[in-house]
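Take a look at the structure below.
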Amino acid sequence: MVNTIEFIEDAVEEIDEQVGEENAVIALSGGVDSSVAAALAYRAIGDRLTPVYVDTGLMRKGETDQIRETFSYMDSLRIVEAQDRFLDALSGITDPEEKRHAIGEQFIREFEREATSAEAEYLVQGTIYPDRIESEGNIKSHHNVGGLPEVVDFEGIVEPVRELYKDEVREVARELDLEEIISERMPFPGPGLAIRVVGEVTREKVEIAREACHIVEEEVEEHDPWQAFAAVVGKGTGVKGDNRVHGWIVSVRSVESRDGMTARAQELPWETLQRIQSRITGENENVARVVYDVTHKPPATIEYE
Ligand code: XMP
């Protein structure tokens, strides 16, 4: 990318031309891509943009409050409390692709209702270049591309950051003065914590994953990974007090990457790993074991499902 200031001017002008006098809607996810797309679109068309944030209950710790605060200047912001509906939709499902599908379907239902009531003719999306490549290769279903455009009969799709890589989107975010917690935020998958708990999604597993992800993010921040998180991968024995218990196993992952297509497991200091282990087992009495994932991508993927 040549110049962020020029990029922003051009993008705003292009959105303005494309949308004209109509209304638009965007699904805000809390991540940097959709945040930048929303900020650009809002500059172009103001409150004719309805940013919709759906709280699926599968978001990172504090994410919903962060969104509320960061985008409070947008009067049209809508926050949809859909936590229980997502958990219900996921009940009994163990297959990873079925989970993605259930989340995608529920998301579409929530979003369709909001888009219809906003009378939006245009859909703004924070699709970036690697999303398009992975979607073309059909590597993951329910990536950022696909799904939404077919639901509501939109007149057009607006993708202001479609040619950018993640690091370029971050540059634009900084230039737009988005808070650091957003501009520097690690990527987070659309299906959220559901793919960081192996097997059925339950409230208990999601809560453990959410707390553990938060601990990992805090502890590894100084090592500047591309993505770092924790996942609940199963159960195993442990000892709490004088008793043997059957507790959760949490796997910690921290990787270096440019765009998520390949990745290297990060070599973290032993002290950092021990601090993570002691915080996770200390703060969650049902966690019996913490392991560190040393696998690169390939052969592993970054997420667990
Ligand atoms: P994997 O696990 O395939 O992840 O190595 C590569 C990057 O994509 C993210 N990811 C997803 N993002 N929907 C998304 O929007 C998904 O279903 C999904 N699965 C993985 C992952 O977090 C990593 O950044």
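The values are calculated or read from the model by the stated rules, or taken from the named source; none is laboratory data. Everything numeric in this text was worked out from a predicted model, so none of it was measured. Note: ideal-geometry Cβ built from the backbone for every residue, glycine included; neighbour counts use all protein chains shown. Accessible surface areas use protein heavy atoms only, side chains included; no ligands, DNA or RNA. Shrake-Rupley method; radii C 1.70, N 1.55, O 1.52, S 1.80 Å.
The figures follow:
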item: Pairs, first within 13 Å of residue 30 (Cβ to Cβ) in segment 68-86, second among the hydroxyl-bearing types (Ser, Thr, Tyr) and open to solvent by 10 Å² or more (accessible area, probe 1.4 Å), C-beta under 7 Å, six or more apart; result: 79/64
item: Meets criteria (among the small types (Gly, Ala, Ser), in a helix (DSSP H, G or I) and surrounded by 16 or more Cβ atoms within 10 Å (Cβ to Cβ)) for residue 209; result: yes
item: Residues of segment 1-35 classified as in a helix (DSSP H, G or I) and in contact (Cβ under 8 Å) with a residue 60 or more places away in the chain, total; result: 13
item: Answer residue from segment 212-234, given it is in a loop (DSSP other than H, G, I, E, B) and within 14 Å of the ligand (Cβ to nearest atom) and is most open to solvent (accessible area, probe 1.4 Å) among those; result: 226
item: Residues of segment 247-304 satisfying the condition of being among the acidic types (Asp, Glu) and more than 24 Å from residue 129 (Cβ to Cβ); result: 267, 271, 283, 285, 293
item: Scan of segment 254-272 for residues that are within 11 Å of the ligand (Cβ to nearest atom) and either open to solvent by less than 20 Å² (accessible area, probe 1.4 Å) or more than 21 Å from residue 226 (Cα to Cα) (or both), ordered by number; result: 255, 260, 263
item: Segment 235-273: number of residues that are at pLDDT below 95, assigned to a strand (DSSP E or B) and within 30 Å of residue 184 (Cα to Cα); result: 0
item: Test for residue 172: is it aliphatic (A, V, I, L, M), touching a Gly at 6+ places or on another chain (Cβ under 8 Å), open to solvent by less than 60 Å² (accessible area, probe 1.4 Å) and modelled with pLDDT of 90 or more; result: no
item: Residues being more than 16 Å from the ligand (Cβ to nearest atom) and not acidic (Asp, Glu) - total across segment 273-305; result: 18
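Quick grid of which residues meet (1) at positive phi; (2) under 16 Å from the mean Cα position of the chain (by Cα):
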site	(1), (2)
192	yes, yes
200	no, no
226	no, yes
242	no, no
251	no, no
270	no, no
279	no, no
290	no, no
